[in-house]
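Colleague: What follows is a single structure, and I will ask about it in a moment.
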Amino acid sequence: MVVGQSTARKDQFVTPSIHGQRKHKIFVYLESWQASWRIYLRIIALLRPHWLPSLGTLVCLGLSTGFALIVPWLLAWVIDVGVHSGHFTDLLLAAGAILLASASRGLFAYGQGYLSQAISCLVAYDLRNQVYDHLQRLSFSFHDESETGQLMSRMTVDIEAVRNFIPMGLLRALLAVVTFGAISILLLQLDWRLALVTLLSVPILALLAVQVARRLRPLWLQVQNETGALGTVMQESLSGMRVVKAFAREEFETEKFETKNRELRELNLAAMRLSAWNQPLMVLALNVITVLVVWIGGVVVIGHRLSIGTLVAVTQYILLLGSPIRTLGYVVTWFMRGLSSGTRIFGVLDTEPSIIDAPGALVLPRVQGHVRFEHVSFAYGNGTEVLHDIDIDARPGQVIALLGATGSGKSTLLHLLPRFYDVTSGRVTVDGQDVRKVTQASLRRNVGLVLQDVFLFNATLRDNISYGVANATEEQIVTAAKVARLHDFACSLPDGYDTWVGERGVTLSGGQKQRVAIARTLLLDPGILILDDATSSVDMETEYLIQQALDAVMRGRTTFVVASRLRTIKHADQILILEKGRVVERGTHESLLAYGGLYTRLYDLQLREQEEFEARVLASYPYRDKDEQTSNRKAKSTKQSTDTVDTGEMREVTR
Ligand SMILES: Nc1ncnc2c1ncn2[C@@H]1O[C@H](COP(=O)(O)OP(=O)(O)OP(=O)(O)O)[C@@H](O)[C@H]1O
Ligand SMILES: [Mg+2]
């Protein structure tokens, strides 16, 4: 898309008025033609792994054309020699030969048709795999900027256009060239004047084709882009259906879709109109040539310089030219579609992943979990810096809690650790190794993530839990589920762990989904754990369950947790307060409270009331282990002060 758009833009900006600019225009055309040829060559190169069937197609094409060309020659012989000689056997032989040639032609035409379609399917299969594989390897930054609908249309519509280009464009063009060439040579041998008339049509047809192609090309590029845009509209409103319904915006969405759909229809119609014009023009050119040949041929026959048989053969040959020329209109269309779709597909394939393993990258063994951020700054793309000079030293097994207003950069900071993005300056190390110097796979095996928005696959509960570990045993899955406080729930489901959780796991509640995500990460048994708001947006009791699960998960691992819950924060070894991408305060719960800065304010506003709530939940929740009872007692003992604080907080608010 990117390449195509820039070419289209280039085309628009050229004005032909001044001499210098005209030169520029020629230069631009040359460049654009070069780029086009490169795309065609790349599509043709896709045939390389299937060279045998491709060769078979070419052989069939050659033979079917050859047999087709024999027939008029045989006809001429029948008229000129067979009829004159008066031998029935000669006629019978000639008729048999004509039949045989026609049958052979049919057979090889079938071979050519079947093989060309077959190789196009093989190419489409390869291309789909290639693009999909590449999309999997592309970095976060690419996926941040791409629309799912556009990518999906490349995977489907564009690949289909490239597939069709092979039998409908490339092969038919080849057929036209071969037929034209062979007939020209044959005509040259029969009568040079007639050959000359036929060859006269070449520049006319070429000019027509180029003219139409030039106008068709941007149109088809627009059609493919709009098809992608329509896909985006569709994908967005379907996957956001709950929001659409909640805001009663069905009509708005329908209208949005209709507008895009209409635009696409208009573009398609415009392209079709242009394509449709093309064909009658070509046929007209062909008819003019036929008339010319018959007329000139007639004159020559009358002058006794040409036999009637030869004239019949010549007209037969001209008629044979009809079918490739008639399809030439469509050939041009498929060439342009192949070009625009090829441009879009290769645009994706040529995008290099911005995060790649360094040459000779080390494989990170199981880590102890010593994580350091050293003077780390970061900006998304070319945007403004969102993290400034961050320093963190997380010792193995420590819990680092991150606090800060929304948009302060907590998630961004955590995404640098598994190297979803590369730092702009400074470095992130794990056990002393710069994350840019180890393989991504080994790094990510050691860093477990529970992301802010949980995504589950359309599969069973078991498959979702074991997503990161291909050969996980039943026991491992159940253990992970137990730690994530998911096991009881799983057992209560009709099919247990084999329950299908539906598209995007919609049959699960928010809290259940989060616990699946925790179990999934836990199964990896990573040395470093990242929990980005793993307890957001769930009810208080579920949150308590998740919190319990998390406590178990965090044991013995270096954990980074975006915390909004006091329980986690209080147990953290280090608390970092982020503000606008800077660490503005750091310390433990006690030291930060004593400091009396931003943390104290946050604590007063948000955290104190949780203490009271937790005490209530703990008192009423039946499954308490010793550890929790202790915190329960602690929570109860602070209840008195909580009450006082509540009043204090109200004062704060009224003020
Ligand atoms: N993919 C992205 N591309 C460009 N900018 C981004 C991207 N993701 C986040 N940002 C910007 O970076 C800044 C920090 O965002 P981040 O998601 O790290 O905040 P956060 O602290 O996690 O917030 P929250 O508490 O709401 O999750 C924000 O200004 C945001 O607009
Ligand atoms: Mg976040």
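Colleague: Whether any residue in the range 291-309 is among the hydroxyl-bearing types (Ser, Thr, Tyr) and either in a helix (DSSP H, G or I) or within 28 Å of the chain's Cα centre (by Cα) (or both) is what I want to check.
Modeller: No: zero hits.
Colleague: Mind listing whichever residues of the range 144-171 are crowded, with 21+ Cβ neighbours inside 10 Å, within 27 Å of GLY56 (Cα to Cα) and of a type in the set (D, E, K, R)?
Modeller: Residues satisfying the conditions are ASP158, ARG163.
Colleague: Is the range 466-480 home to any residue that is over 22 Å from VAL553 (Cα atoms), touching a residue at least 40 places away in the same chain (Cβ under 8 Å) and away from ligand 2 (no atom under 16 Å from the Cβ)?
Modeller: For the range 466-480, residues over 22 Å from VAL553 (Cα atoms), touching a residue at least 40 places away in the same chain (Cβ under 8 Å) and away from ligand 2 (no atom under 16 Å from the Cβ): absent.
Colleague: OK, next. Of these, ALA470, ALA441, which one is away from ligand 1 (no atom under 16 Å from the Cβ), in a loop (DSSP other than H, G, I, E, B) and either assigned by TED's automatic domain parsing to the domain that holds GLN606 or out of contact with any helix residue (DSSP H, G or I) (no Cβ under 8 Å at 6 or more places or on another chain) (or both)?
Modeller: ALA470
Colleague: Only one of these conditions is not met by ASP391: (1) assigned to a loop (DSSP other than H, G, I, E, B); (2) within 30 Å of GLN452 (Cα to Cα); (3) modelled with pLDDT of 90 or more. Which number is it?
Modeller: Every condition holds for ASP391 apart from (1).
Colleague: Of everything in the range 373-417, what is among the acidic types (Asp, Glu) and within 12 Å of ligand 1 (Cβ to nearest atom)? Give them in sequence order.
Modeller: Passing the criteria: only GLU385.
Colleague: Suppose we keep only residues that are closer than 14 Å to ALA519 by Cβ and away from ligand 2 (no atom under 16 Å from the Cβ) within the range 438-456. Which one would you say is farthest from the chain's Cα centre (by Cα)?
Modeller: So the residue we want is GLY448.
Colleague: Okay, moving on. Picking from THR227, THR232, THR254, THR198, which residue would you name as being in a helix (DSSP H, G or I), at pLDDT below 80 and among the polar types (S, T, N, Q)?
Modeller: Exactly one residue qualifies, and that residue is THR198.
Colleague: Tally the residues that are within 26 Å of the chain's Cα centre (by Cα) and in contact (Cβ under 8 Å) with a residue 40 or more places away in the chain, restricting the search to the range 357-398.
Modeller: Looking only at that region, the number is 5.
Colleague: Select from the range 369-387 the residues that are assigned to a strand (DSSP E or B) and either within 16 Å of ligand 2 (Cβ to nearest atom) or of a type in the set (Gly, Ala, Ser) (or both) and list them in ascending order.
Modeller: The answer is SER377, PHE378, ALA379, VAL386, LEU387.
Colleague: Working only within the range 396-437, note down all residues that are within 16 Å of ligand 2 (Cβ to nearest atom) and part of a strand (DSSP E or B).
Modeller: ILE400, ALA401, LEU402, LEU403, GLY404
Colleague: Here is a further query. Looking at the range 361-371, can you tell me whether even one residue there is β-branched (Val, Ile, Thr), near ligand 1 (Cβ under 10 Å from one of its atoms) and in contact with a Leu (Cβ under 9 Å, 6 or more places away or on another chain)?
Modeller: No, the range 361-371 has no match at all.
Colleague: Given the condition in the same structural domain as ASN268 (by TED's automatic domain parsing), surrounded by fewer than 21 Cβ atoms within 10 Å (Cβ to Cβ), within 15 Å of the chain's Cα centre (by Cα) and within 16 Å of ligand 2 (Cβ to nearest atom), answer yes or no: does some residue in the range 115-138 qualify?
Modeller: There is no residue in the range 115-138 that is in the same structural domain as ASN268 (by TED's automatic domain parsing), surrounded by fewer than 21 Cβ atoms within 10 Å (Cβ to Cβ), within 15 Å of the chain's Cα centre (by Cα) and within 16 Å of ligand 2 (Cβ to nearest atom).
Colleague: Still on this structure, please answer the following. If I filter the range 83-96 for residues that are over 30 Å from GLY347 (Cβ atoms) and not in a helix (DSSP H, G or I), do I get at least one hit?
Modeller: Yes; the residues of the range 83-96 include at least one that is over 30 Å from GLY347 (Cβ atoms) and not in a helix (DSSP H, G or I).
Colleague: Can you tell me how many residues in the range 388-419 are buried (at least 20 other Cβ atoms within 10 Å of the Cβ), of a type outside the set (Ser, Thr, Tyr) and within 17 Å of ASP532 (Cα to Cα)?
Modeller: Residues that pass the stated criteria total 15.
Colleague: Note down all Cβ pairs under 8 Å where the first residue falls in the range 406-423 and is more than 13 Å from VAL447 (Cβ to Cβ) and without any contact (Cβ under 8 Å) to a residue 60 or more places away in the chain, the second is near ligand 1 (Cβ under 8 Å from one of its atoms) and of a type in the set (D, E, K, R), and they're at least six residues apart or on different chains.
Modeller: Final answer for the pair search is none.
Colleague: Among the residues of the range 517-533, which ones are buried (at least 24 other Cβ atoms within 10 Å of the Cβ) and assigned to a helix (DSSP H, G or I)?
Modeller: Result: ALA517, ILE518, ALA519, ARG520, THR521, LEU522.
Colleague: Now, a different point. Could you pull out the residue among ALA635, ALA552, ALA572, ALA563 that is over 41 Å from the mean Cα position of the chain (by Cα) and either modelled with pLDDT of 85 or more or among the hydrophobic types (A, V, I, L, M, F, W, C) (or both)?
Modeller: Checking each option against the conditions leaves just ALA635.
Colleague: Just checking, which of ARG273, ARG217, ARG242, ARG262 is surrounded by 13 or more Cβ atoms within 10 Å (Cβ to Cβ) and assigned by TED's automatic domain parsing to the domain that holds SER64?
Modeller: Exactly one residue qualifies, and that residue is ARG217.
Colleague: Would you confirm, using the coordinates I've provided, whether PRO494 is outside any helix (DSSP H, G or I) and within 17 Å of VAL371 (Cα to Cα)?
Modeller: no
Colleague: Only residues that are outside any helix (DSSP H, G or I) and either over 35 Å from the mean Cα position of the chain (by Cα) or surrounded by fewer than 16 Cβ atoms within 10 Å (Cβ to Cβ) (or both): list them for the range 473-491, please.
Modeller: Matches in the range 473-491: THR473, ARG485.
Colleague: Of everything in the range 452-467, what is within 16 Å of ligand 1 (Cβ to nearest atom) and buried (at least 17 other Cβ atoms within 10 Å of the Cβ)? Give them in sequence order.
Modeller: Passing the criteria: only VAL454.
Colleague: Tally time: how many residues in the range 373-386 are surrounded by fewer than 17 Cβ atoms within 10 Å (Cβ to Cβ) and modelled with pLDDT of 90 or more?
Modeller: The number of residues fulfilling the criteria is 6.
Colleague: I've got another one for you. Go through (1) within 16 Å of ligand 2 (Cβ to nearest atom); (2) at pLDDT below 75 one by one and return the number of the condition LYS580 breaks.
Modeller: (2)
Colleague: Residue by residue through the range 428-438, note down the ones that are in contact (Cβ under 8 Å) with a residue 24 or more places away in the chain and either within 15 Å of ligand 1 (Cβ to nearest atom) or under 20 Å from GLY381 (Cβ atoms) (or both).
Modeller: VAL428, ARG436, listed by residue number.
Colleague: Any residue in the range 292-301 that is at pLDDT below 85, within 30 Å of SER341 (Cβ to Cβ) and surrounded by fewer than 16 Cβ atoms within 10 Å (Cβ to Cβ)?
Modeller: Looking for residues that are at pLDDT below 85, within 30 Å of SER341 (Cβ to Cβ) and surrounded by fewer than 16 Cβ atoms within 10 Å (Cβ to Cβ), one finds none in the range 292-301, hence no.
Colleague: May I pose another question? Out of VAL233, VAL197, report the one residue that is of a type in the set (A, V, I, L, M, F, W, C), in contact with a Leu (Cβ under 6 Å, 6 or more places away or on another chain) and crowded, with 17+ Cβ neighbours inside 10 Å.
Modeller: Exactly one residue qualifies, and that residue is VAL197.
The values are calculated or read from the model by the stated rules, or taken from the named source; none is laboratory data. Not measured: the values here are computed from a predicted model. Here Cβ is always computed from backbone atoms with ideal geometry, including for glycine, and neighbour counts include all displayed protein chains.
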